[in-house]
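Only one structure is covered here, and it is reproduced in the block below.
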Amino acid sequence: MTLLAQSQLQETFELNIGPQHPATHGVLRVKVIMDGEYIVKAEPVLGYIHRMHEKMGENRTWNQFWPNLGRLDYLSAIAYNHGYAGLLERAMGIEVPERAEYIRVITVELNRLQSHLLWFGAFILDLGGFTPLMYAFDEREQILDLLESVTGSRLTYCYFRFGGVYNDVDDDFITGTRAFIKRLRPQIPMYHDLVTKNVILMERLVDIGHISADMCRKYGATGPVLRGSGVNFDIRKNEPYSVYPELDFDVPVYHECDSMARYMVRMDEMEQSMRIIEQALDKMPDGPVKAEKAPKILKPPKGDYHFAVEAARGTFSMRTVSDATNTSYRMRLRSPTYSNLSLFEEASRGMLLSDALAFMGSLDLVIPEMDR
Amino acid sequence: MGTESISGIETSVPSSIVQFHMLDQLRALARANSLWPMTFGLACCAIEMMSAGAARFDLSRFGAEVFRPSPRQADLMIVAGTVNKKMLEPVKILYDQMTEPKWVIAMGNCAISGGPFKFKGQYNVIEGVDSFLPVDVYVPGCPPRPEALIEGILELEEKITGTRRWPRVKPETAVKG
């Protein structure tokens with residue numbers, strides 16, 4: 001081989017994806033070194049939407065920090081509310097009334113449903129199919145209506161309080177939720193018929209974006225990404241909190257480790273969320289929705305506290321160091337998509353660029369949550 | 001900003017000796033009813049922007065549904081979310097790359113003033129995109145509802161044509177549910 005041919009073979013070029021690019025779902029930038037159509041190295045660059053959440057946790061009082069929780073991962077904001085409520089309840093030893101816990105579970109699962117629906121639509125949009133987005137948003141708006149009726153907002157919820165929830169749910173919400181579940185349940189098999197069995201989708205997803213369980217452990221990936229790699233790990237089962245132990249649901253696990261497995265995990269999770277909501281509605285007792293003895297001014301005793309919940313994208317955990325004042329000494333937010341993205345560099349080596357973007361979609365990224 | 005040279009041509013036509021008033025009006029009407037926004041989601045507001053374009057709210061009723069990922073094909077920049085110091089330069093570049101005539105909507109409190117992330121001693125958030133972009137319409141809310149964004153686009157249409165083409169919905173006449 002001549003020297004010229006060799007140098008041509010080794011010729012690589014650098015490609016910038018983002019920070020404004022429709023496939024990155026936000027302001028993520030990926031520096032890619034390409035060899036033709038194949039990726040040699042892809043390096044995600046973060047920080048384009050860093051909004052100082054952790055710093056605000058340190059200079060806001062405990063109650064003033066609530067709105068930030070709705071703006072971290074704005075697609076599963078209620079799960080983040082749950083994380084913060086659980087953290088302070090653990091620190092202060094506040095007992096939560098049972099009805100409040102059931103309301104929390106119902107709203108969190110509704111929120112998870114709408115998050116997965118939006119992901120479903122946006123993911124297929126990335127792959128070139130426009131229609132599923134419209135179907136998904138049609139269903140999603142129904143959930144937003146239900147949640148808006150109890151929480152008062154459509155997206156950035158600030159619904160939980162320490163020791164309960166802000167508002168009790170009314171009968172309209174309960175009957176509306178039941179009717180909605182009845183409506184959504186036949187839709188999911190229809191999605192499978194219309195989308196999952198599609199040959200083009202199978203070509204783009206099956207055996208693409210292989211992530212082994214070891215790689216997931218190495219980078220700390222959680223949520224559907226981990227469960228798509230054959231590891232049965234769900235905080236709701238492994239470190240039970242709230243009333244999840246009393247509810248009967250399965251954790252979908254797929255062993256194929258490819259993009260299709262992650263897709264299937266999320267689709268099955270929607271089914272399980274519906275099961276959880278139905279059971280919780282049946283079991284929900286009457287009673288107060290706020291702990292009576294919850295103090296107005298919070299000063300958790302000195303110490304280091306931690307609480308983890310299963311958000312739509314994986315394990316969200318909060319850790320705070322309290323020095324017994326009305327603000328946190330240090331607030332640490334562990335967001336799932338940051339870890340899920342960090343394996344992108346290793347997993348995307350040698351991949352076609354178009355496959356890498358499909359793979360990135362299957363990770364379900366929310367950038368403001370990653371940058372915090 | 002690169003706007004000076006081209007906007008010179010824009011303004012020179014009506015002030016010339018030969019007036020094309022009807023033609024200008026027609027052109028403004030066409031522009032106002034076929035705004036092409038840029039797909040430019042920054043944060044939470046981007047999801048409401050998606051909602052505005054999707055099933056229920058259907059922005060295409062007002063001719064503004066053609067979201068373009070490339071700034072060169074777009075004439076409306078909807079700044080939907082928080083702009084921070086690192087993102088400032090890319091936003092400026094994107095605005096400069098858009099072709100004239102172009103408009104800017106600041107969507108959400110973050111884009112208007114820094115919103116909930118404005119506090120004493122904050123180190124990263126730009127407090128209002130109007131500090132570096134010529135904003136035409138402000139849409140408040142955190143995040144604004146899709147209806148609010150649609151109203152913002154209608155306001156912009158009014159600004160372009162000078163007349164309101166769609167009826168203004170008053171709160172007392174709005175249909176509930």
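Pick out, from A:Thr156, A:Ser259, A:Ile106, the residue whose Cα sits farthest towards the positive end of the charge dipole of the stretch A:61-336, with +1 on the Cβ of Lys and Arg and -1 on the Cβ of Asp and Glu.
A:Thr156
For chain B, count all C-alpha to C-alpha pairs, find those more than 23 Å apart, and express that count as a whole percent of the total.
Distances greater than 23 Å cover 43 percent of the Cα pairs.
May I ask which of A:Lys31/B:Lys86; B:Lys85/B:Lys118; A:Lys55/B:Lys120; B:Lys102/B:Lys170 have a Cα-Cα span longer than 19 Å here?
Over 19 Å Cα-Cα: B:Lys102/B:Lys170.
Run the reach check for A:Lys237 against lysines, Cα to Cα strictly under 24 Å, same-chain hits fewer than 8 apart removed. What comes back?
Within the straight-line limit of under 24 Å, A:Lys237 reaches these lysines: A:Lys218, A:Lys283.
Could you give each residue of the stretch B:159-164 its phi-based ³J(HN,Hα) in whole Hz, using Karplus coefficients 6.51, -1.76, 1.60 with θ = phi - 60°, and x for Gly or Pro?
3J(HN,Hα) across the stretch B:159-164, in whole Hz: 5, 6, 8, x, 10, 8.
Compute the distance from the alpha-carbon center of the stretch B:41-85 to that of the stretch A:66-136, in whole Å.
Using only Cα atoms, the two centres lie 23 Å from each other.
Between A:Arg29 and residues 5 or more places away or on another chain, which pairs have amide H atoms under 5 Å apart, with H built 1.01 Å from N, and which residues are they?
The answer is A:Val45.
If you split all Cα-Cα distances of the stretch A:227-372 into 5 Å bins from zero, what percentages do you get per bin, shortest first?
2, 8, 13, 16, 16, 15, 12, 9, 6, 3, 1, 0
Given H placed on each backbone N at 1.01 Å, which residues far from B:Gly128 in sequence or on other chains put an amide H within less than 5 Å of it?
B:Ser113, B:Gly114
What translational diffusion coefficient, to the nearest whole µm²/s, does the stretch A:1-132 have by Stokes-Einstein, given a Kirkwood radius computed over alpha-carbon pairs, a temperature of 4 °C and 1.567 mPa s viscosity?
The Stokes-Einstein estimate is 68 µm²/s.
Sort largest first and round to whole Å: the equivalent ellipsoid semi-axes of the stretch A:61-336, each the square root of five times a Cα gyration tensor eigenvalue.
32, 23, 16
If each residue of separation counts as 0.36 nm, what is the full-extension length gain between A:Asp304 and A:Asp214 once their alpha-carbon separation is subtracted?
Residue separation times 0.36 nm, minus the Cα-Cα distance, leaves 29.4 nm.
Cβ under 15 Å from A:Asp170's Cβ, A:Asp170 left aside: what net charge do those residues give with Lys, Arg +1 and Asp, Glu -1?
-4
Counting only helical runs of four or more DSSP H residues, what would the 222 nm mean residue ellipticity of chain A come to if each run contributes -39,500 (n - 2.57) and the total is spread over all its residues?
Taking each H run of at least 4 residues, the total per residue is -14500 deg cm²/dmol.
Can you tell me, using C-alpha contacts under 8 Å and at least 6 residues apart, the relative contact order of the stretch A:220-300 as a whole percent?
Contact order relative to length: 28 percent.
As I understand it, the value is the acute angle between the Cα axis of helix A:353-363 and the longest principal axis of the Cα atoms of chain A; what does it come to in degrees, rounded to 10?
The angle comes out near 10 degrees.
³J(HN,Hα) across the stretch A:238-251 via Karplus (A = 6.51, B = -1.76, C = 1.60, θ = phi - 60°), whole Hz, x for Gly/Pro?
Result, ordered by residue: 7, 10, x, 9, 6, 9, 4, x, 7, 9, 9, 8, 9, 9 Hz.
Modelled label-to-label distance, A:Lys31 and A:Tyr329, 7 Å Cα→beta-carbon offset: nm?
Inter-label distance under the simple model: 3.8 nm.
If I build a Gaussian network model for chain B, linking alpha-carbon pairs within less than 10 angstrom, which residue out of B:Ile78, B:Ile112, B:Ile93 has the largest mean-square fluctuation?
For chain B, modelled as a Gaussian network with Cα springs under 10 Å, the answer is B:Ile93.
Report the calculated FRET efficiency for A:Lys182 and A:Leu353 (r = Cβ-Cβ distance, R0 = 51 Å), to the nearest 0.05.
Taking R0 as 51 Å, the efficiency between A:Lys182 and A:Leu353 is 0.75.
Given N residues in the stretch A:181-267, what is Rg(Cα) / (2.2 N^0.38 Å)?
Rounded to two decimals, the normalised Rg is 1.23.
With contacts defined as alpha carbon pairs under 8 Å and 6 or more residues apart, what's the relative contact order of the stretch A:61-336 in percent?
Taking the mean separation of contacting Cα pairs over the length of the stretch A:61-336, I get 26 percent.
How big is the Rg/Rh ratio for the protein assembly as shown, C-alpha atoms only, Rh by Kirkwood, two decimals?
With Rh from the inverse mean 1/r over Cα pairs, Rg/Rh is 0.99.
Counting only other residues whose beta carbon sits under 11 Å from that of A:Asp234, what net charge do I get with K and R as +1, D and E as -1?
-1
When a footprinting reagent is the concern and you count Cβ atoms within 10 Å, what order do A:Lys197, A:Lys296 take, fewest first?
Ranked by crowding around the Cβ, least crowded first: A:Lys296, A:Lys197.
We did not get these values from a lab; they are worked out from the coordinates using the rules stated. Values in this document were obtained by computation on a predicted structure and should not be read as measured data. Every residue, glycine as well, gets a Cβ built from its backbone with ideal geometry; the counts of neighbours run over all protein chains shown.
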